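Data first, discussion second: the structure below is written as structure tokens.
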Amino acid sequence: MNLKTSYMGIALKNPIIVGASNLSTDTKVLESIQQAGAAAIVYKSLFEEQIQLENLQTYEEMSEYDDRNAEMTSIFPDEKMYEKGPESFLYDFHKARKILKIPLIASLNCIYDDTWYDYAKQLEKAGADGLELNFYATPKDPEIDGNAIIKEQIDTLAGVIKAVNIPVSVKLSPFYTNPLFVIRELEKAGAKSVTIFNRLYQPDINVENEELELKYQSSASSEHCLPLRYAGLLFSNTEMSIICNSGIHTGEDMIGMLLAGADAVQIVSAIYQNGPHYISKMISELEGWMIARSYSSLKDFKGKLSKAKIKDDPFAYSRSQYVDAIMNLKRFFKDRQV
């Protein structure tokens with residue numbers, strides 16, 4: 001079976017990419033992922049916000065006893081000497097790059113333009129084969145126009161592309177009025193690939209303690225339907241690589257994404273739940289499915305069920321799906337008491 005595909009122009013031996021997570025911080029896990037057959041790994045995201053928080057915590061610890069006694073005010077040198085940067089992260093990234101033979105992609109999320117460009121350059125220098133910009137915006141201010149957020153992301157992308165000589169991808173949330181328009185504009189700005197979609201952790205409320213809390217929740221297989229839909233809409237409408245993320249837990253989930261038009265998929269929860277060896281199982285499921293249908297390469301069926309190729313059902317990806325779903329539910333419950 002020829003499982004070769006590509007991600008932002010980077011050749012992959014198969015369509016399984018391990019997405020950004022803490023899995024990549026353990027070198028033994030990285031080696032196991034590579035041995036299991038993963039085609040590429042996206043390293044844990046470098047968040048400028050996290051570095052700023054660490055700097056704030058360091059400063060608060062240093063200034064805890066300031067001014068309690070006149071003789072103690074100069075006990076610490078200038079706090080700038082203690083400011084943390086991405087050096088530790090870059091060291092670990094470079095170490096991972098040295099032990100891996102498969103492509104290693106850097107993931108980046110920053111706040112300020114200068115930091116986007118500076119960190120991108122440093123990640124390239126550390127050995128990144130490509131760069132995935134982790135774009136998302138959590139609405140907090142009703143005064144901020146949605147178009148302003150989109151323009152800022154497009155400008156950031158263009159600036160990063162100018163700053164580095166490696167291919168640049170974007171990873172988006174689905175929370176745009178029209179994600180297809182945003183993706184097209186990002187492609188015009190130079191993005192080589194789009195990953196759909198980010199999984200954003202949402203706050204929950206502990207009603208016993210009356211406190212906000214953050215729970216880690218693995219994705220569910222049912223979540224793959226959203227990226228699958230957009231892969232089906234994007235196929236043949238973009239020159240970028242289409243990478244699907246979220247809810248991809250089985251070989252069957254992956255095959256569905258490829259049929260819709262994806263070039264590759266990113267998985268994380270499936271590895272947390274089953275271990276790195278599960279990658280081999282997903283590859284075997286893909287190969288077995290292809291053999292049963294006499295497909296010799298991904299090109300033989302990629303996008304077969306996209307909007308562009310389903311000529312006999314032009315409304316397959318349109319709003320009429322909701323009407324059809326409602327009608328099916330009526331038939332389902334016809335003989336049942338609800």
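How charged is the neighbourhood of A120? Take every other residue with its Cβ under 15 Å from the Cβ of A120, and add Lys/Arg as +1 and Asp/Glu as -1. Walk me through the numbers on the way to the answer.
Values: positive: K121, K125, K162, K171, K192; negative: E48, D113, D114, D118, E124, D129, E132, D155.
Local charge sum for A120: -3.
Of the lysine pairs in the stretch 144-275, how many meet both conditions: Cα atoms under 17 Å apart, and a spacing of 8 or more in sequence or different chains? Walk me through the numbers before you get to the answer.
Working: K151/K162; K151/K171; K151/K188; K162/K188; K162/K192; K171/K188; K171/K192.
Total qualifying Lys-Lys pairs in the stretch 144-275 comes to 7.
Counting DSSP beta bridges in the stretch 101-259, what percent are antiparallel, to the nearest 5? List each step's numbers first, then the result.
Working: 4 of 20 bridges.
Taking every DSSP beta bridge within the stretch 101-259, about 20 percent pair in antiparallel fashion.
Taking 8 Å as the Cα distance limit and 6 or more residues as the minimum spacing, I'd like the relative contact order of the stretch 240-325 as a percentage. Working shown, then result.
Numbers: 82 pairs, mean separation 25.4, N = 86.
Computed value for the stretch 240-325: 30 percent relative contact order.
Summing Lys, Arg as +1 and Asp, Glu as -1, what charge do residues with Cβ under 12 Å from the Cβ of T27 carry, T27 excluded? Display every interim value, and only then the final one.
Values: positive: K28, K95, R97, K98; negative: D26, E31, D92.
For residues surrounding T27, the net value is +1.
Can you list the lysines whose alpha carbon is less than 18 Å from that of K281, not counting same-chain residues fewer than 8 positions off?
K4, K13
Relative to 2.2 N^0.38 Å, what does the C-alpha radius of gyration of the stretch 227-313 come to as a ratio? Two decimals please. All intermediate terms of the calculation are to be shown ahead of the outcome.
On the way: Rg = 13.1 Å, N = 87, 2.2 N^0.38 = 12.0 Å.
Scaled against compact globular proteins, the figure is 1.09.
With r as the distance between the Cβ atoms of A137 and R293 and R0 = 41 Å, compute the FRET efficiency 1/(1 + (r/R0)^6) and round to 0.05.
On the way: r = 42 Å, r/R0 = 1.02.
For R0 = 41 Å, the calculated efficiency reads 0.50.
Where a number appears in this text, it was derived from the coordinates with a stated rule and is not lab data. What you see is a predicted model, and the numbers here were worked out from it, not measured in a lab. Methodologically, a virtual Cβ is constructed for each residue, glycine included, from the backbone with ideal geometry; neighbour enumeration extends over all protein chains shown.
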